[in-house]
4 protein chains.
Amino acid sequence: MNTWGHIFRVTTWGESHGQAVGAVIDGCPAGLRITHEDIQKELDRRRPGQSTITTPRSEKDTAHILSGIYQEKTLGTPISIIIRNEDVDSRGYDELRHVPRPGHADYTFHVKYGWRDHRGGGRASARETVARVAAGAVAKKLLEHREIRVLGHVIDIHGIQSKFVFESPEDLLLAETSIVRCCDAAASDEMAACIERMKEAGDSVGGIAEIVAFNVPPGVGEPVFGKLDAELGRALMSIGAVKGVEIGVGFLAAKLKGSEMNDQFTTKDGRIEPKTNRAGGILGGISTGAPIISRIAVKPTPSIGMRQTSVDLETLEEVDLSVSGRHDPCILPRIVPVAEAMVAIVLADLMLAGGFIHPARLL
Amino acid sequence: MNTWGHIFRVTTWGESHGQAVGAVIDGCPAGLRITHEDIQKELDRRRPGQSTITTPRSEKDTAHILSGIYQEKTLGTPISIIIRNEDVDSRGYDELRHVPRPGHADYTFHVKYGWRDHRGGGRASARETVARVAAGAVAKKLLEHREIRVLGHVIDIHGIQSKFVFESPEDLLLAETSIVRCCDAAASDEMAACIERMKEAGDSVGGIAEIVAFNVPPGVGEPVFGKLDAELGRALMSIGAVKGVEIGVGFLAAKLKGSEMNDQFTTKDGRIEPKTNRAGGILGGISTGAPIISRIAVKPTPSIGMRQTSVDLETLEEVDLSVSGRHDPCILPRIVPVAEAMVAIVLADLMLAGGFIHPARLL
Amino acid sequence: MNTWGHIFRVTTWGESHGQAVGAVIDGCPAGLRITHEDIQKELDRRRPGQSTITTPRSEKDTAHILSGIYQEKTLGTPISIIIRNEDVDSRGYDELRHVPRPGHADYTFHVKYGWRDHRGGGRASARETVARVAAGAVAKKLLEHREIRVLGHVIDIHGIQSKFVFESPEDLLLAETSIVRCCDAAASDEMAACIERMKEAGDSVGGIAEIVAFNVPPGVGEPVFGKLDAELGRALMSIGAVKGVEIGVGFLAAKLKGSEMNDQFTTKDGRIEPKTNRAGGILGGISTGAPIISRIAVKPTPSIGMRQTSVDLETLEEVDLSVSGRHDPCILPRIVPVAEAMVAIVLADLMLAGGFIHPARLL
Amino acid sequence: MNTWGHIFRVTTWGESHGQAVGAVIDGCPAGLRITHEDIQKELDRRRPGQSTITTPRSEKDTAHILSGIYQEKTLGTPISIIIRNEDVDSRGYDELRHVPRPGHADYTFHVKYGWRDHRGGGRASARETVARVAAGAVAKKLLEHREIRVLGHVIDIHGIQSKFVFESPEDLLLAETSIVRCCDAAASDEMAACIERMKEAGDSVGGIAEIVAFNVPPGVGEPVFGKLDAELGRALMSIGAVKGVEIGVGFLAAKLKGSEMNDQFTTKDGRIEPKTNRAGGILGGISTGAPIISRIAVKPTPSIGMRQTSVDLETLEEVDLSVSGRHDPCILPRIVPVAEAMVAIVLADLMLAGGFIHPARLL
């Protein structure tokens, strides 16, 4: 199941150490202006090698647009984008051929398919998310056409919390100035130091990112099984390292009373809106007009240098392994553009499904 | 979007105060033995009026099986089940016709569809989940045929935590002896008392439920967008009051190091398995063979007797409202069978998709 | 796969001699006015017992609308319609339990599912089409809201051809005055006489029906795999007895030159339109604005009184059988409303997909 | 809607004069041996420039496999294949920018999307079928693994009929020795001469092709809306020039009596099978075990040199046009591999859906 969506449909393909990865985006209406730079700038945000705390794997990740866009305008036909795998180094993986790495999909792919491309994690590699980001860039352009912005930031790494409070989309752009994508400068420094320490120890850390969609009109989301929060839940959970998703106050809701949780209604500029936004912009699976707020719990990178135990798939004997290779000690900074992409794809799909955007062409 | 699933497809229909609600289950293989009692016993677990802390609305919720089962055996054709709405009392809702209740879908349905069946929440009512439970009963039977069991329990209400630790499926059956469906007897009493207090105060409370699927074979789940955890995320988030979902250690993963998070591999009875289960039974979106562990954060019931502010949809004037009517002050006890149903439906669908169950007939 | 459609989704359920058959129509926008009579009048057109040449099985086929319509207006939620099976007489079928009838699905269902509800053909019975007609009635109402009409007539029975030429939708209403639904009065009489003769001989006959959709705007249909003609091909072929489908000149195209086939363009009232309509209103899978013309080849009813050979599924011995029971000697007159329903469902789905109708509500 | 299928899912992309066309094949189980040559040989059968009666456009149509196959064996992950557009000559199309060609999709794409890539027909070009043939090659390999073969031949061009009668798959291989892909040598010569005449006259001709699938086991096909014939109807109708589809005796059924149409059952080698095959191998939408026989009516190539009338999209004035450029005067010979591909894709999808092939890996 490598296709996402009902109307705005994204298909991704490609193995980590194969020739290329790519995305086909079907269902984007005609007449949307998209340049190569629109795609590339999002890929660059996800690109490895951005700072000392990301993997040294250095890939340019250049997007090649092969169809669906003519004279920088979408045609309403499928947009095919490919990104070549350039800095592939499969040597470190040979010894892992028969030994599944703890925390990775090696074992489960082996069981499911009988065999696999073990090099660099194959299809289960985080490299697959390059294609999501490319597709997300198209979704973002479509949403921008309706003045919607999707922005993310890191709010927790290994327990170090951001104290940043945002009010407008512009506030969140601050994240781009931090190597960990955290808007709170003090926390950002502390997080970066923590990651450096883990890297030296051959260990890794997890954290929490928050993604916010601003200016989504009320009415987006399809009851009963196509609820906006349900689709976000699936989209964000489909990102490799994510172990939890919450909307609005999320797990805190378990501790609240109804009188504390409910957002009461008022009017502003002649429109109804909730006074508070504990719901995270969604009621009954449909947007209220308030910002859509989601958060993801991200596990620590499973590739660690410390010695771990695994089992040889052929001999069934326990073996020790230490995962060398070039890995991010913390995936949070680079997961932000991926999560933004998924939120944007969900919104594009549901905006189309709800009739907020014409399915064939931008009028 | 009232249909769930790719192969095991569940369509639900019905408004809270309409004539009936129902489910059509398509894609269940032929030859599965199902009695009326198999369906009914699950509906009874969800039924209102089970105890002093649930709504006094008294519905028998009798399942009528209209197709797809002949001589107590599935035919491979769609199974249609309807449940009539019997104890409907729409009087309390007339004044709410133009005033959206805070925390409910009234406002968002109004915006999306222009008009709605306001009686009892209409389609957005929790009553819709009766149909899910009926469909879930079919899914459970199919899973039982493969010796899989899906069981849930309440682990937190308003901060009161269960200290219960389970080891086997049987342990979780204890939940059925508690009116809040909590296996820890002491916590259960405290939770019940808390709910009673809230009921008297005209307020409500939220909590956390945990759903566990035992004996799922390794290999279930479809990368990339059909990951088992992604499908669980969508399924559980599609339940009205759920604000968060986590798998395995969930949000705790944000605080762990890789060396603490990774489940190392070992062998047992000649089979590879993880030594620990922090991953909650899923790696790379595919089951590992360990129990599948999910948790949901449930918000307090939005229908509360305390005075709240809303806005009249026609005059746009602020109005005070107090939601009378017959409501659960805490939805946790009754959400457990609903969440189990969704987990069972997801697993049935993915077991079929993965070739673990023959799609046409049970061999 | 008992669900049709992407946006306007129709799920049918029910066995011929079970308790009921039904349809759930999901994706119909809110605000469409539909009365019980709108549904019933279409069921009455398909109902058995309309004349001496249809089956004497007498079912009232009363539609019960259980959800999705409130105060005679759609809610945007699933519309559930059920029709009870009343005049069920399963006695004649006992001897057929182990002997598949030639030309029926008995054998293939047996092979596929291992067992089946053999009474009256079970799920494979033409009775399933009642549910399609109910769903088609909703689709027709939605199309009427855009001034589109879908009308069918019989143009050939056993080689007896209608010479009728239509110019407007009203012309085709003439079919309703003929017991074979043929607009050419002379041919109609001849066809009826032919059917009577076959009935007496214990045999049956086939024929051709034509379905025309008037006033479909240009632009309906989704390239590449969702072409309007492709969807019509699938929809019409999904009707039990259909062995062929053609659009516009259809198989005659094989004999034409390009200069004879191409419809050249002209303008009328300031709009571009084809001068002729050999294409049947579709180019590149998208409507041109001209009437959408489709035809279906319908095989003779397989249930015949004449002696035929079959094989006992258990003993594998050849046995003779003669299908008694109450059957139409020619299905053409009653297939017309079914085929109209499928064309209407396809158009409703593609009109929604193409943005010609708002997916949430009629503005 | 550029994706076909439920389990074996094919997505095609690309415009005629863009950089490339391609297909992503998702849902092919792991462990299937596929070489580059397996794909290439099918593309070569469809390639332009094969003989004097096809277009002189000379493209090598080299397949590049970018993912999903590792060491010549499928991984169970999406197979991405691209074919570059090499011999692109867009000069002839500039004058057609505002003038829709009769019989082409120019006008309908213009209406639907507002603008289009007019060069070479853009997305609506028959060039899109290269991608289908590549995907079909994968489907064929999967079917061959189950000993199923899909073979086509031309049986009618402009009324010249093949008298060839086949008995085994091998018989139909004769088609590959004919430049029109007709197994009847005398008819083949006549057809070729006819096409040459049309070419000289600046005109074109249509015809009929027949596609046969041998050795399909009984039980393939999903009632009610996923019938094998319904899926074939959609698949074949989705090919640009097809105006009609029939199964088995097809339109001839309209002229037959039930006693002539029904295939009676007998046994052979201890298995039940129909004595005759008027049904074309399908009953109730499910395969009987007999060869699956389908035929398509193909219209004459709409691109003709003769003068035709059209309308300028901007000025709305009538203009004369003559389509020069490099076109096949008869598409039949080259449509055979495309139609085979679609039949193979349908069968692969339904074999997987029916549990005839394991969805994750070849056991």
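Just so it is clear, none of the values below were taken in a lab; they were calculated from the coordinates. What you see is a predicted model, and the numbers here were worked out from it, not measured in a lab. As a convention, Cβ positions derive from the backbone with ideal geometry for all residues, glycine included, and neighbour counts pool all protein chains shown.
In chain A the Cα-Cα distances spread across 10 Å bins starting at 0 as 5, 23, 32, 25, 12, 3, 0, 0 percent of all pairs. Over region A:141-221, Cα pairs under 8 Å with separation of 6+ residues give a relative contact order of 41 percent. Packing, as the average of other Cβ atoms within 10 Å across residues, places the peptides B:119-132, B:211-224 in the order B:119-132, B:211-224, highest first. Against the main long axis of the alpha-carbon atoms of chain A, helix A:185-201 sits at an angle near 20°.
Its relative contact order, with pairs defined as Cα atoms under 8 Å and 6+ residues apart, puts chain B at 23 percent.
Computed per residue of chain A from DSSP H runs no shorter than four, each worth -39500 (n - 2.57), the mean residue ellipticity at 222 nm is -8000 deg cm²/dmol. The angle between the Cα long axis of helix D:36-46 and the longest principal axis of the Cα atoms of chain D comes to about 60 degrees, rounded to the nearest 10. Every other copy gets compared here: list the nm distances from the A:A193 label point (7 Å along Cα to Cβ) to its counterparts, shortest first, one decimal. List, nearest first: 4.6, 9.4, 10.4 nm. My understanding is that a pair violates if its Cα-Cα distance is over 20 Å; which of A:K243/B:K243; A:K255/B:K199; D:K41/D:K73; C:K60/C:K199; D:K140/D:K163; A:K299/B:K227 do that in this structure? Beyond 20 Å between Cα atoms: C:K60/C:K199; D:K140/D:K163. With a ≥ b ≥ c taken as the square roots of the eigenvalues of the C-alpha gyration tensor of the protein assembly as shown, please select rounded if a/c is under 1.5 and otherwise prolate if a/b is larger than b/c or oblate if it is not? The shape class here is prolate. Shown for A:N215: label points 7 Å from Cα along the beta-carbon vector, and their distances to the equivalent points in the other copies, 4.0, 5.5, 6.0 nm in ascending order.
For region A:4-59, place one equal point scatterer on every Cα, skip the solvent, and apply the Debye formula. What is log10 of I(q)/I(0) at q = 0.15, 0.20, 0.31 Å⁻¹? So the normalised log intensities work out to -0.65, -0.98, -1.20.
Between this copy and the others, label points of B:D171 are 4.3, 6.8, 7.8 nm apart in ascending order, each placed 7 angstrom from Cα in the Cβ direction. For region C:68-203, the relative contact order is 13 percent, taking Cα pairs closer than 8 Å that sit 6 or more residues apart in sequence and dividing their mean separation by the residue count. Extension gain for the segment C:D269 to C:H64, taken as residue separation times 0.36 nm less the Cα-Cα distance, is 69.3 nm to one decimal. Check cross-link reach from B:K268 to the lysines: straight Cα distance under 23 Å, and skip same-chain residues fewer than eight apart. Within the straight-line cut-off, B:K268 pairs with A:K112. Rounded to the nearest 0.05, the FRET efficiency derived from the C-beta distance between B:D320 and B:W115 at R0 = 30 Å is 0.80. For C:Q19 and B:A186, what is the calculated FRET efficiency with R₀ set at 60 Å and r taken between the beta-carbons, to the nearest 0.05? With a Förster radius of 60 Å, E is 0.80.
The ellipsoid equivalent to the alpha-carbon distribution of region B:27-115 has semi-axes of 34, 19, 11 angstrom, derived from the gyration tensor eigenvalues as √(5λ) and listed largest first.
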